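The values are calculated or read from the model by the stated rules, or taken from the named source; none is laboratory data. Worth saying up front: this structure is predicted, and the values here are computed from it rather than measured. Don't worry about glycine lacking a Cβ; one is built from the backbone with ideal geometry, like all the others, and counts go over all protein chains shown. Each accessible area value is taken on the protein alone, full model and side chains, heavy atoms only, with ligands, DNA and RNA left out. Shrake-Rupley method; radii C 1.70, N 1.55, O 1.52, S 1.80 Å.
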Amino acid sequence: MELSGGEIVIQFLKDEGVEFVFGYPGGSVLHIYDAIYRQEHVQHILVRHEQAATHAADGYARATGKPGVVLVTSGPGATNAVTGIATAFLDSIPMVVITGQVPTPVIGSDAFQEVDAVGITRPCVKHNFLVKNIDDLAITLKKAFYLASTGRPGPVVVDIPKDMTEPKIKIAYEYPKKVEIRSYNPVIKGHPGQNRKAADLIVSAKRPMIYSGGGVVLAEASKELTEFTQKLNYPITNTLMGLGSYPATDKQNLGMLGMHGTYEANMAMHECDVLIAIGARFDDRVTGKLSEFCPTAKIVHIDIDPASISKNVKVDVPIVGDVKIVLKELLKLLVEKKKQIDQEALKKWWLQIADWRAKDCLAYDKTSDLIKPQNVIEMLSEVTKHNAYVTSDVGQHQMWAAQYYKFNKPNRWINSGGLGTMGFGLPAAMGVQLAYPKETVACVTGEGSIQMCIQELSTCLQYHLPIKIINLNNRYLGMVRQWQEFSYEGRYSMSYMEALPDFMKLAEAYGHVGMNIEKPGDIEGALQEAFALKDRLVFMNFVTDQAENVYPMIEAGKAHNDMRMSGVRELA
Amino acid sequence: MRHIISILMENEAGALSRVAGLFSARGYNIESLTVAPTEDVSLSRLTLVTRGSEEIIEQIIKQLNKLVDVVRLIDLSEGAHIEREMMMIKVSAKGKSRDEYKRLTDIFRGKIIDVTPSSYTIELTGTGDKIDAFVSSIEETNIIEVVRTGISGIARGDRSLVL
């Protein structure tokens with residue numbers, strides 16, 4: 001087949017099985033867009049800002065496990081995409097971003113809309129390429145997909161100068177089915193000796209704790225993790241990225257850990273004698289003060305990335321490998337070794353945990369006349385039967401969604417955990433809704449975050465995406481305000497959002513349904529009504545208590561057993 | 001601890017910036033860095049000298065291995081090895097110091113590779129320490145220019161860095 005470079009890009013995406021490309025046209029990618037126009041296999045989703053293209057592709061990838069694909073032009077197209085690339089990088093999300101570039105003869109001449117996209121993205125991609133020869137185009141794209149989706153996944157950028165896609169130059173094209181990269185061979189199977197050592201340590205525990213993260217979701221190892229945890233009858237906690245990889249409503253689940261984790265999860269981390277870390281990376285929001293992290297524990301750590309092992313916390317038994325495969329291997333070993341578990345000690349440990357649980361650390365005031373954000377999320381979880389895809393932005397609302405929504409399945413909770421990108425929620429929800437048109441998709445956000453990508457309401461109308469937006473509107477950049485209350489004696493510097501738009505009218509102006517909810521008694525009814533509108537986007541503006549804080553809280557640099565708990569207070 | 005890490009990497013544009021960028025982004029230090037193609041034109045060999053605790057060095061090696069352009073690497077300082085650096089130094093050589101610098105060059109087994117009525121350019125090869133020692137034995141005001149290549153190295157005996 002003789003094709004031009006522009007046609008090769010699109011034909012390749014089709015052959016690779018790509019359903020959607022999220023993008024925005026511009027000068028350097030016009031040849032590629034012309035090829036898009038002349039086919040029907042790959043659907044292009046036109047966003048309103050390149051940042052949203054990357055978040056939408058990212059949301060699609062998180063929900064489906066398949067790489068998200070982005071197409072943007074050179075210069076500002078590429079720089080606008082950087083935030084979304086970095087977001088995907090920090091959460092290890094598979095993504096291929098194709099950026100246009102100025103023609104090769106003018107690279108380096110400060111040409112119109114020229115930036116060094118490869119240079120700018122280098123620190124926040126798994127790898128990137130500049131295509132300098134049209135013969136390399138297809139194989140480079142193949143390498144990009146291979147790198148993005150194997151090992152520890154991540155975003156890969158392919159920068160394509162305009163002359164590589166010139167319509168007049170046609171070359172033979174064949175879909176490269178396989179590719180090998182000599183320097184890239186991720187370890188998949190755990191080392192047998194390490195597996196045995198880990199199994200011995202696991203069954204010797206008297207106060208065990210399983211700590212699992214986003215790696216379990218990425219490896220699609222939720223089933224194995226659940227079997228592993230239930231066979232052992234050990235307590236488990238999930239990181240923010242790991243929510244849903246073990247059912248939230250199961251009694252062995254102690255909830256999320258870390259800065260806004262539950263009392264029982266953090267106390268159990270602090271007191272455990274064997275910690276089994278699975279697909280988690282000991283992030284500072286999880287560990288708190290490193291010198292007092294799990295002070296009495298021996299640690300097993302399973303991760304596909306050797307560089308994640310002993311990076312922040314020195315571990316005793318590291319296993320490098322795909323968590324799904326390693327868990328299967330461990331399950332085999334445990335069939336025999338399970339008998340060695342000290343059941344008496346385990347019983348005592350569960351009694352201790354029950355004591356911590358009795359504190360009911362997520363309790364909040366249910367008698368208030370004001371809408372409590374926690375209440376909205378609890379109701380959302382009920383109304384959607386704990387089964388919706390929930391995306392979020394970043395801040396207090398994100399933590400409440402993580403704490404109060406009962407995620408029982410993986411890939412349902414979609415948020416920017418590592419980079420903490422405000423503006424992520426709405427475009428990510430678009431990617432999820434496109435992947436699963438029949439599923440319920442909710443975006444939990446705040447009046448600060450939603451305004452960072454609000455323009456995407458227009459994209460939602462164009463593609464009929466019936467997302468339900470839950471705007472927890474407290475007229476504050478809530479998390480900033482909370483830190484200012486705790487650490488800056490209530491000097492609320494720039495955390496008040498003045499001159500807010502009328503969100504109901506705004507939603508209507510974009511052609512959607514808007515709702516204002518101001519009384520606690522109206523929450524459930526409003527949610528029922530909104531979710532019944534199956535084919536419409538509904539923007540639900542919940543006017544919430546301005547003074548509410550996220551509890552429990554381990555302040556930055558403090559240890560797991562040093563938590564700030566909820567109490568009745570008033571905003572100064 | 002001082003470590004000499006030798007890397008075989010793809011001989012491609014951008015590979016060097018990935019290595020250098022990794023060090024600056026993660027706050028590791030580089031004392032010297034030297035790079036050139038090998039007998040296999042698809043590969044470059046990069047040698048760098050860095051310092052850090054055992055934990056830091058372990059992270060550096062893991063992070064380097066993670067770079068897609070890095071094919072293989074070796075921490076030369078983990079075993080017996082030979083390290084060499086080459087220096088060209090231009091010194092002001094007049095009157096008494098003309099003879100003195102000639103003798104000094106012989107003692108250090110260097111070579112005078114360019115001569116003018118008022119200066120010598122001396123070539124010297126050796127470990128970093130030897131080169132430092134030579135430089136410090138020349139009066140500072142007489143040094144016109146110093147060019148050092150940075151350390152490169154190779155393991156002794158059967159240990160080697162090949163594909």
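Kindly report the accessible area of chain A per residue (heavy atoms of protein chains, probe 1.4 Å, no ligands, DNA or RNA), in Å². Don't skip to the answer; put the middle values down first.
Values: 22450 Å² over 572 residues.
Per-residue accessible area for chain A comes out at 39 Å².
Protein chains only, probe 1.4 Å: how do A:Arg491, A:Arg357 rank by accessible area, largest first?
Values: A:Arg491 135, A:Arg357 80 Å².
Descending accessible area places them as A:Arg491, A:Arg357.
Mind jotting down the distance between the C-alpha centroids of segment A:293-327 and segment A:334-399, whole Å?
Centre-to-centre distance over Cα atoms comes out at 25 Å.
Determine the alpha carbon to alpha carbon distance for each of A:Lys385/A:Lys519; A:Lys197/A:Lys337; A:Lys251/A:Lys409; A:Lys197/A:Lys251; A:Lys251/A:Lys406 and list only those over 21 Å. Intermediate results must be reported in sequence, preceding the final value.
Working: A:Lys385/A:Lys519 23 Å; A:Lys197/A:Lys337 11 Å; A:Lys251/A:Lys409 15 Å; A:Lys197/A:Lys251 28 Å; A:Lys251/A:Lys406 12 Å.
In this structure, A:Lys385/A:Lys519; A:Lys197/A:Lys251 exceed 21 Å between Cα atoms.
Using protein heavy atoms only (no ligands, DNA or RNA), what is the total accessible area buried between A and B, 1.4 Å probe, nearest 100 Å²? All intermediate terms of the calculation are to be shown ahead of the outcome.
Details: alone 23190 and 9330 Å², together 31070 Å².
So the total buried area for this chain pair works out to about 1500 Å².
At 1.4 Å probe size, with the rest of the protein present, what percent of the exposed accessible area of the protein assembly as shown is carbon and sulfur atoms? Intermediate values should be presented prior to the final figure.
On the way: 16190 of 31070 Å².
Roughly 52 percent of what the probe reaches on the protein assembly as shown is carbon or sulfur.
What do you get for Rg/Rh of segment A:325-480 when both radii come from the Cα atoms and Rh is the Kirkwood radius?
On the Cα set of segment A:325-480, Rg over Rh gives 1.10.
Got a sec? What order do A:Lys337, A:Lys347, A:Lys324 fall in by accessible area at 1.4 Å, biggest, i.e. largest, first? Spell out each step's value before the answer.
Numbers: A:Lys337 40, A:Lys347 130, A:Lys324 60 Å².
Ranking A:Lys337, A:Lys347, A:Lys324 by accessible area, largest first, yields A:Lys347, A:Lys324, A:Lys337.
Where Rh is the Kirkwood radius over the Cα pairs of segment B:91-163, the temperature 25 °C and the viscosity 0.890 mPa s, what D in µm²/s does Stokes-Einstein return?
Details: Rh = 13.8 Å.
Here the translational diffusion coefficient equals 178 µm²/s.
Note down, for the protein assembly as shown, the three equivalent ellipsoid semi-axes (square root of 5 times each alpha carbon gyration tensor eigenvalue), biggest first, whole angstrom. It would help to have the intermediate numbers written out before the result.
Values: eigenvalues 491, 240, 133 Å².
Over the Cα atoms of the protein assembly as shown, the semi-axes work out to 50, 35, 26 Å.
Mind listing the phi-derived Karplus ³J(HN,Hα) values for segment A:94-102, rounded to whole Hz, using 6.51, -1.76 and 1.60 with θ = phi - 60°, and x for any glycine or proline?
Here the 3J(HN,Hα) series is x, 7, 10, 10, 9, 10, x, 9, 5 Hz.
With r defined as the distance between the Cβ atoms of A:Met504 and A:Gln546 and R0 fixed at 22 Å, what FRET efficiency is calculated, to the nearest 0.05?
With a Förster radius of 22 Å, E is 0.70.
Provide the solvent-accessible area of A:Cys443, counting protein heavy atoms only and rolling a 1.4 Å probe, rounded to the nearest 10 Å².
Rounded to the nearest 10, that gives 0 Å².
Just order A:253-259, B:90-96 by mean Cβ neighbour count inside 10 Å, highest at the front, would you?
Details: A:253-259: 23.9, B:90-96: 15.6.
Order by mean packing, descending: A:253-259, B:90-96.
Straight-line reach only, C-alpha to C-alpha below 22 angstrom: list the lysines that A:Lys132 could link to, leaving out same-chain residues fewer than 8 apart.
A:Lys132 reaches A:Lys142, A:Lys143, A:Lys162, A:Lys168, A:Lys170, A:Lys177, A:Lys178.
Per residue in segment A:302-348, which ones lose no less than 10 Å² of accessible surface when going from chain alone to all protein chains (1.4 Å probe)?
Residues losing area: A:Asp305, A:Pro306, A:Ala307, A:Ile309, A:Ser310, A:Lys311, A:Lys314.
Could you sort A:Met422, B:Met9 by accessible area so the largest value comes first, with the probe set to 1.4 Å? Numbers along the way, then the final one.
Numbers: A:Met422 60, B:Met9 5 Å².
Result of the area sort, largest leading: A:Met422, B:Met9.
Determine the relative contact order of chain A: mean sequence separation of Cα pairs under 8 Å and six or more apart, normalised by residue count, in whole percent.
Details: 1295 pairs, mean separation 79.6, N = 572.
After rounding, I find 14 percent.
Given the options A:Ala78, A:Met563, B:Leu8, identify the residue whose Cα lies farthest towards the positive end of the charge dipole of the protein assembly as shown (+1 on Cβ of Lys, Arg; -1 on Cβ of Asp, Glu).
B:Leu8
Across segment A:288-304, in residue order, what do the Karplus-derived ³J(HN,Hα) couplings come to in whole Hz, using 6.51 cos²θ - 1.76 cosθ + 1.60 with θ = phi - 60° and x for Gly and Pro?
Karplus-based 3J(HN,Hα) across segment A:288-304 equals x, 5, 5, 5, 10, 7, 6, x, 10, 9, 8, 10, 9, 10, 9, 7, 7 Hz.
Counting other Cβ atoms within 10 Å, which trypsin sites (Lys or Arg not before Pro) in segment A:232-307 have at most 16 and lie in a DSSP loop? Please list the in-between numbers first.
On the way: sites: A:Lys251, A:Arg281, A:Arg285, A:Lys289, A:Lys298; in loops: A:Lys251, A:Arg281, A:Lys289.
Those satisfying the criteria are A:Lys251, A:Lys289.
Can you compute 3J(HN,Hα) from phi for each residue in segment A:42-48, using the Karplus curve 6.51 cos²θ - 1.76 cosθ + 1.60 with θ = phi - 60°, rounded to whole Hz and x for Gly and Pro?
After applying 6.51 cos²θ - 1.76 cosθ + 1.60, I find 9, 8, 8, 9, 8, 7, 10 Hz.
Nearest 10 degrees is fine. How inclined is helix B:54-66 to the longest principal axis of chain B, computing both from alpha carbons?
70
Could I get the Rg over Rh figure for segment A:83-208? Both from C-alpha atoms, Rh via Kirkwood, rounded to two places.
Working: Rg = 20.1 Å, Rh = 17.2 Å.
Result: Rg/Rh = 1.17.
Debye calculation, C-alpha points only, no solvent: report log10 I(q)/I(0) for segment A:1-78 at q = 0.11, 0.12, 0.26, 0.27 Å⁻¹, in the same order as the q values.
Debye intensities relative to I(0), on a log10 scale: -0.26, -0.31, -1.30, -1.35.
Within segment A:458-572, what percent of beta bridges assigned by DSSP are antiparallel, to the nearest 5? Don't jump to the answer; show the numbers that get you there.
Values: 2 of 13 bridges.
If I count the DSSP bridges inside segment A:458-572, around 15 percent turn out antiparallel.
Report D for segment A:420-515 in µm² per second (integer): Stokes-Einstein, Kirkwood Rh on Cα pairs, 37 °C, 0.692 mPa s. Don't jump to the answer; show the numbers that get you there.
Working: Rh = 14.4 Å.
Calculated translational D: 227 µm²/s.
Based on C-alpha coordinates, I'd like the Rg and Dmax of segment A:281-359, in Å.
According to the Cα coordinates of segment A:281-359, Rg and Dmax are 15.5, 39 Å.
Semi-axes of segment A:344-427's equivalent ellipsoid from the Cα gyration tensor, sqrt of 5 times each eigenvalue, largest first, rounded to whole Å? Intermediate results must be reported in sequence, preceding the final value.
Details: eigenvalues 147, 69, 35 Å².
Computed over segment A:344-427, the values are 27, 19, 13 Å.
How large is the accessible surface per residue of segment B:117-163, computed with a 1.4 Å probe and reported in Å² as a whole number?
Values: 2770 Å² over 47 residues.
I get 59 Å² per residue for this part.
So what is Rg over Rh here for segment A:266-310, counting just Cα atoms and using Kirkwood for Rh? The partial results should precede the final answer.
Working: Rg = 10.4 Å, Rh = 11.0 Å.
Answer for segment A:266-310: 0.94.
Lys/Arg Cβ at +1, Asp/Glu Cβ at -1, dipole of segment A:304-438 taken about the Cα centre: which of A:Gly418, A:Ile353, A:Asn375 is farthest positive-ward?
Value computed over the given set: A:Ile353.
Could you sort the residues of segment B:53-83 by number and keep only those whose accessible area is reduced by 50 Å² or more in the all-protein-chain setting relative to the chain alone, 1.4 Å probe?
Output list: B:Gln59, B:Lys62, B:Lys66, B:Val68.
Principal axes first, then extents: for the Cα atoms of segment A:1-46, list largest minus smallest coordinate on each axis, whole Å, largest first.
Principal-axis extents of segment A:1-46 (Cα, largest first): 27, 21, 14 Å.
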